[in-house]
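*Asks:* Okay, here's the structure, questions in a sec.
The values are calculated or read from the model by the stated rules, or taken from the named source; none is laboratory data. This structure is a prediction, so every number in the text was calculated from the model and none was measured. We place every Cβ from the backbone using ideal geometry, glycine too, and count neighbours over all the protein chains shown. For the accessible areas, the whole protein counts, side chains as well, though only heavy atoms, and no ligand, DNA or RNA atoms are used. Shrake-Rupley method; radii C 1.70, N 1.55, O 1.52, S 1.80 Å.
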Amino acid sequence: MNTVISTAFCRPDLTLRSIISIKKNFSDQDFNLKVYVDKASNSSQNYDKNRETIDILQEANSLELITQLVEREEPYGCAKNIFFAIKEELNTNDKIFLIEDDIELMRLHKNLPEKLFNYYENENDVSCITTYSNSIKLPQKDTYLALRPCSLAWGTWKKYWEGFEIEDIKKINASSAFLNEIKSRLGSDMPAAFKAFKHEKVDSWAIPWSIYNLLKNTYTSYPKESFVEVFGHKEGATHTKNIVFNSNPAKKRLNSNNFAKKPSIDEAKFLKNYSFFSRAQRKIVSKLKL
């Protein structure tokens, strides 16, 4: 593993916890940890938290907890900050692993991203790997493949990211036929998400990246259980405030002899997490938990 990217904005405590978890999980390897922190506008309600986050990251940089800190000189927004961070790093790396500031890696399986990268590197239809998984029942293997990419603790190769441009996806016609296709192949929530993205009602790189992978017919490898803890429902959340993620924490290490190479029934189980019923159920359960 050459480079791990972390992105940050206004979650100082979670950002530090995330960085520490990265250091613990990749401690057996020589790797660069680069943090790209966005800038809040002077009028932003997140201004103070953003400044606190930057102060913590500057201290972490001085203590060499991270390899490099990149501070945006103007407000980028979530999508632009992440998109250009990946694009910049893939100019000098053949693959990258990215973790946003609300993610902590579990220590159960150290260096798991590198293991997944090595296994799937020559699988021509696998464009991404992730160490997160939604809850699925009775998985057939230790990993499964899905067309819908993951934006939580994930990685990709330069050869797949090249050619992806957010603005190109925005130009795609949202015809009824196309919306039906993305509903059946990416989840019933995606048509509305895609239309919101096209009309610039949501600041997202993950939605166009999902559409891009659908068009290329490339898959993401998911573990049967989640090797990360997600705190996206807590402080500073943009799209997932108060929504607890539905995942089963991993109980043991993955066995590469039992990795999936082809899509299976597990993809259909995975997509059930994105049905309107499941999402509504998550909101209700989340409110009860919180």
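*Asks:* Of Thr92, Thr143, which has the most accessible area with a 1.4 Å probe, and how do the rest follow in descending order?
*Replies:* Thr92, Thr143
*Asks:* With θ set to phi - 60°, apply the Karplus curve 6.51 cos²θ - 1.76 cosθ + 1.60 along region 3-12 and write out the HN-Hα couplings as whole Hz, x wherever there is a Gly or Pro.
*Replies:* Working through the residues one at a time gives 9, 10, 9, 10, 10, 9, 8, 9, 10, x Hz.
*Asks:* Provide the solvent-accessible area of Cys150, counting protein heavy atoms only and rolling a 1.4 Å probe, rounded to the nearest 10 Å².
*Replies:* That residue has around 10 Å² of solvent-accessible surface.
*Asks:* Using label points projected 7 Å from each Cα along Cα→Cβ, tell me how many nm separate Asn42 and Asp168, to one decimal.
*Replies:* 3.9
*Asks:* Using a 1.4 Å probe on the protein chains only, how many percent of the accessible area of the chain belongs to carbon and sulfur?
*Replies:* 47
*Asks:* Tell me, what HN-Hα J-couplings in whole Hz come from the Karplus equation 6.51 cos²θ - 1.76 cosθ + 1.60 at θ = phi - 60° for each residue of region 196-207, using x for Gly and Pro?
*Replies:* 5, 5, 4, 8, 6, 8, 9, 8, 9, 9, 5, 5
*Asks:* Sticking with this one: Arg51 to Lys252: FRET efficiency via 1/(1 + (r/R0)^6), r the Cβ-Cβ distance, R0 41 Å, to the nearest 0.05?
*Replies:* So the FRET efficiency works out to roughly 0.45.
*Asks:* With charges only on Cβ, +1 for K and R and -1 for D and E, what is the dipole size of the chain about its Cα centre, in debye, rounded to 20?
*Replies:* It comes to approximately 1480 debye.
*Asks:* Taking the Cα-to-Cβ direction at Lys23 and at Ser175 and moving 7 Å from each Cα, how far apart do the two end points lie in nm?
*Replies:* 5.4
*Asks:* For the chain, modelled as a Gaussian network with Cα springs under 10 Å, which listed residue fluctuates most, Lys24, Lys252, Lys39?
*Replies:* It is Lys252.
*Asks:* Run the simple label-point estimate for Glu121 and Glu73 please: 7 Å along Cα→C-beta, distance reported in nm.
*Replies:* For Glu121 paired with Glu73, the spin-label model returns 3.7 nm.
*Asks:* Using Cα springs under 10 Å in a Gaussian network model of the chain, which residue among Leu112, Leu254, Leu63 shows the largest mean-square fluctuation?
*Replies:* Comparing Leu112, Leu254, Leu63 in a Gaussian network model of the chain, the most mobile one is Leu63.
*Asks:* Hey, another quick one. Projected onto the charge dipole of the chain (+1 at Lys/Arg Cβ, -1 at Asp/Glu Cβ, origin at the Cα centre), which of Leu116, Ile86, Ser184 gives the Cα projection farthest towards the positive end?
*Replies:* Positive-end residue among those listed: Ser184.
*Asks:* Mind sorting out which of (1) 39, 19, 16; (2) 32, 23, 19; (3) 27, 23, 20 is the real semi-axes √(5λ) of the Cα gyration tensor in Å computed from the coordinates?
*Replies:* So the structure-derived entry is (3).
*Asks:* Quick one: if the Förster radius is 41 Å, what FRET efficiency do Ser275 and Gln58 give, using the C-beta to C-beta distance and rounding to 0.05?
*Replies:* The pair Ser275/Gln58 has a calculated efficiency of 0.40.
*Asks:* Okay, moving on. Show me, bin by bin at 10 Å from 0, the whole-percent P(r) of region 11-99 based on Cα pairs.
*Replies:* Values per bin, smallest distances first: 15, 48, 32, 5, 0.
*Asks:* Given Cβ point charges of +1 (Lys, Arg) and -1 (Asp, Glu) and nothing else, what value in debye, to the nearest 20, does the dipole of region 106-260 about its Cα centre take?
*Replies:* 460
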